[in-house]
Structure formats: structure tokens, C-alpha cells
Amino acid sequence: MTRWRLAAGAALLLGCAGRDVERPSLDGPYACGPHTCTSGQICVTESAGSQCQVNDDAGVGPYSMYAWVCEDLPAVCDGIPSCSCAGGLGLCLGVGGSGREVDYGCI
């Protein structure tokens, strides 16, 4: 089993190595929850987990988004939104929305 995991990990790394990363279009305007982001901005969202940040009175159920904010893409991102360069609270859950949305949350 361990040998299989090492082989799978190596294949993944080698398969991704050397490829140019495609920059997403940050042309605006586009929707970010109840907000509208303009050109050059990313949508940073926050999601509830199975129990954390859940607030039934406010309509926030398990795994639902509860916060949205449009932010200028930091220069350190070099045009590519990612967990390591976008600012958000909590655990980064990934990049979505055609590469323009970075989601943070809790488990």
C-alpha cells in the first residue's frame, strides 16, 4: 500500500511539473454573493463547517457560505488567486468560481 501511495504521489508531481499555470480572467464585474467584484478583484468567501459557524437563526446551515467580500488581488499572487496569497479567515478550502474565488472555513 505504501509503495502505491509513493508511486501515485510521484506521478501527480511529475504530471504537474513544468506546466504553465493559466491565469484566470479577473475581468469584472462579476457576482460575489450579494456583492459585485470589479476588474482585478477576487471573491473571498467564508463557509460554515459541520458544526462551527453554524447559526440556524441567521440561516447559516452546515457547509453553507455565510460571508463574501471582494478584494483586490494582492501583487504577491502574480495574477493567480491561491490559498497562499489571498487573505481569509480559517482553513483554506480551495479556489473555485473559474479561479476567481477563494473559500475559507472550518471543519
Express the relative contact order of region 15-107 as a whole percentage, based on alpha carbon pairs under 8 Å and six or more residues apart in sequence. 30 percent
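Using 0.36 nm times the number of residues separating Asn55 and Cys85, minus their current alpha carbon distance, what extension gain do you get? Let's see the in-between values first.
Details: separation 30, 0.36 × 30 = 10.80 nm, distance 2.88 nm.
Extra length available between Asn55 and Cys85 comes to 7.9 nm.
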Report the extension gain between Arg23 and Val76 in nm, rounded to one decimal, defined as 0.36 nm multiplied by the number of residues separating them, less their alpha carbon distance. 17.7 nm
Under the rule a/c < 1.5 gives rounded, and otherwise a/b versus b/c splits prolate from oblate, where does region 17-69 land using the Cα gyration tensor? oblate
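Once you list every other residue whose beta carbon is under 12 Å from the beta carbon of Gly33, what net charge do they have if Lys and Arg are +1 and Asp and Glu are -1?
On the way: positive: none; negative: Glu46, Glu101, Asp103.
Net local charge, Gly33 excluded: -3.
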What is the calculated FRET efficiency for Thr38 to Tyr63, with r their C-beta to C-beta distance and R₀ = 41 Å, to the nearest 0.05? 0.90
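Here, each number is a calculation from the coordinates, and none is a lab measurement. Model, not experiment: these values are computed from the prediction. Note: ideal-geometry Cβ built from the backbone for every residue, glycine included; neighbour counts use all protein chains shown.
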